[in-house]
Amino acid sequence: MKKTAFILTALLSGAVLFAQEVTFPEIRGWEVQTDKKIFTADDLWEVIDGAAELYLAYDFQDLHQAIYVGDNEREVKVELYRHTTPVNTYGIYTAERMPDYAFIEMGVQGYTGEDILNFFTGCYYVKISSYGRNDVDEETLKVIAGEVSRHLNQTGSWPGEVLLFPAEGKMAMSDGYVASNFMGYSFFRSAFTARYSAGGEFTLFIMYGREGRAETMLNRYREQVKEDNIARKDSIYIVQDPFNGKVYITNCNDYLVGVLNAADENTALESIGKTTRRIEPGTRNQE
């Protein structure tokens, strides 16, 4: 699975992104009122007090806001949450996404709910909501979202690691990304996860570790849980983790691939095998 071209594109677009001013598009029939206050990691809590810590975990950079004012006292609020990388943006989006939402094609992906439309594209997590005295219908929110998405002009795609998860048995909209402290260990970073229902519900994870970091992470994990709690079957370690139960984990081409909470060993080993066969030598993360 070749991702080098996308990586270069993401890096180049990111360099341009942080050099340019963030603006909002003009939309016919609406007056745009831009909030001059730009929120950063230092004061994000003023806007989303209870959720600020989660956003910061995904390298939140800044928040730009605007209100679109239409006729009949209709108002639409647009919030642009910018993160350092498309992967981190994907992470915060999936952390808030629920599988029973109504999903739409907007940016890479979006969803609608009562008076809201959220989507992610490139380094932006975009939140749009009916804000005024009179409700704004969903189709109008989609029109505004489309204009905002085109104006941001991001090159967006699913992280390549998401495509490494086997499709069979994967629960819909269950994929996600944990930037740090995966399973409660500070040395486990960049973890992509997905839940499966084959043979009972379990979690499959993929962690990238460039330049030998995957092996280093695995060795630190083995030291942490102690060798007495580790068995091995071929290249896969079977760990009795005191905090996470039985963990199956292996190293494959700079990736750690593993399973949590599997009902039986065969299910775990088969799932890891299906995943490692999809990881080609030279596969790279898009950070």
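The values are calculated or read from the model by the stated rules, or taken from the named source; none is laboratory data. Because the structure is a prediction, the values reported are computed rather than measured. Cβ placement follows ideal geometry from the backbone for every residue including glycine, while neighbour counts extend to all protein chains displayed.
Structure values in brief
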{"quantity": "Pick from region 58-72, criterion closer than 12 Å to I27 by Cα and in contact with a Gly (Cβ under 8 Å, 6 or more places away or on another chain), ranking: surrounded by the most Cβ atoms within 10 Å (Cβ to Cβ)", "calculated": "G70"}
{"quantity": "Failed criterion for V247 (all others in (1) modelled with pLDDT under 95; (2) within 24 Å of the chain's Cα centre (by Cα); (3) among the aliphatic types (A, V, I, L, M) hold)", "calculated": "(1)"}
{"quantity": "Lone unmet requirement of (1) without any contact (Cβ under 8 Å) to a residue 24 or more places away in the chain; (2) crowded, with 16+ Cβ neighbours inside 10 Å; (3) within 23 Å of E168 (Cβ to Cβ) for M207", "calculated": "(1)"}
{"quantity": "Search result, residues across region 120-138 that are part of a strand (DSSP E or B) and among the small types (G, A, S)", "calculated": "S129, S130"}
{"quantity": "Test: residue in region 111-119 that is surrounded by fewer than 19 Cβ atoms within 10 Å (Cβ to Cβ), in contact with a strand residue (DSSP E or B) (Cβ under 8 Å, 6 or more places away or on another chain) and not in a loop (DSSP other than H, G, I, E, B)", "calculated": "yes"}
{"quantity": "Neighbours by Cβ (under 9 Å, 6+ apart or cross-chain): first from region 34-62, among the polar types (S, T, N, Q); second assigned to a loop (DSSP other than H, G, I, E, B)", "calculated": "T34/T23; T34/F24; Q61/A41; Q61/T84; Q61/C123"}
{"quantity": "Search result, residues across region 70-95 that are in contact (Cβ under 8 Å) with a residue 60 or more places away in the chain and in a helix (DSSP H, G or I)", "calculated": "P86, V87, N88, Y90, G91, T94, A95"}
{"quantity": "Selected residue (criterion: surrounded by the fewest Cβ atoms within 10 Å (Cβ to Cβ)) from residues of region 185-202 that are farther than 20 Å from D59 by Cβ and touching a residue at least 60 places away in the same chain (Cβ under 8 Å)", "calculated": "G200"}
{"quantity": "Every residue from region 234-260 that is more than 16 Å from F192 (Cα to Cα), touching a residue at least 12 places away in the same chain (Cβ under 8 Å) and in a loop (DSSP other than H, G, I, E, B)", "calculated": "S235, P242, F243, N244"}
{"quantity": "Set D115, D100: member being at pLDDT below 95, of a type outside the set (S, T, N, Q) and closer than 23 Å to E31 by Cα", "calculated": "D115"}
{"quantity": "Sole exception among (1) touching a residue at least 12 places away in the same chain (Cβ under 8 Å); (2) outside any loop (DSSP other than H, G, I, E, B) for M98, by number", "calculated": "(2)"}
{"quantity": "Single condition D228 does not satisfy, out of (1) closer than 17 Å to R189 by Cβ; (2) at pLDDT 95 or above; (3) not in a strand (DSSP E or B)", "calculated": "(1)"}
